[in-house]
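Right, one structure below, let's go through it.
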Amino acid sequence: MFIVLVHVHVKPGCIEDFIQISIENAKNSILEAGVARFDVIQQQDDPNRFVLVEVYRTPEDPARHKETAHYQKWRDAVAEMMAEPRYSVKFDNLFPKDAG
């Protein structure tokens, strides 16, 4: 498994719109063959901060995900909602090896 955590800081007043479009993207993302899991999580003590937990089957699958219409729709929709540029951190799954 190949895991990407995408950290997003959303502008005040954009939280509900960001949640809606991000959940729509997640629902479509989990239908992709290369996606094992796709979570949208919100920070409890700072609701303007989110993490997208993206679990892919191979290191090549994130690039395939970025080619989809639903990702591109999300990317364009959230661009103006960002308080700062989003960033990602990549991880390898150690246990369990067959997660997802």
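At-a-glance table
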read-out	value
Cβ charges +1 (Lys, Arg) and -1 (Asp, Glu), total dipole of region 1-50, debye	120
Angle between the chain longest axis and helix 69-78 axis [Cα atoms, degrees, rounded to 10]	30
Where only C-alpha atoms are counted, convex hull volume of region 1-50 per residue in Å³	72
With 5 Å bins from 0: P(r) over region 52-100, alpha-carbon pairs, percent	4, 14, 23, 24, 16, 10, 7, 1
Under 5 Å, built H, 5+ apart or other chain: amide partners of Met82	Lys11
Percent RCO, i.e. relative contact order, over the chain, from Cα pairs under 8 Å lying at least 6 residues apart	46
Nearest-ten-degree value, helix 15-29 long axis tilted from longest Cα axis of the chain	20
GluC sites (Glu not before Pro) lying in DSSP loop within the chain, provided at most 12 other Cβ fall within 10 Å	Glu60, Glu67
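Rule-based calculations on the coordinates, nothing more; no lab input. In this text the structure is predicted, and so the values were computed from the model without any measurement. Every residue, glycine as well, gets a Cβ built from its backbone with ideal geometry; the counts of neighbours run over all protein chains shown.
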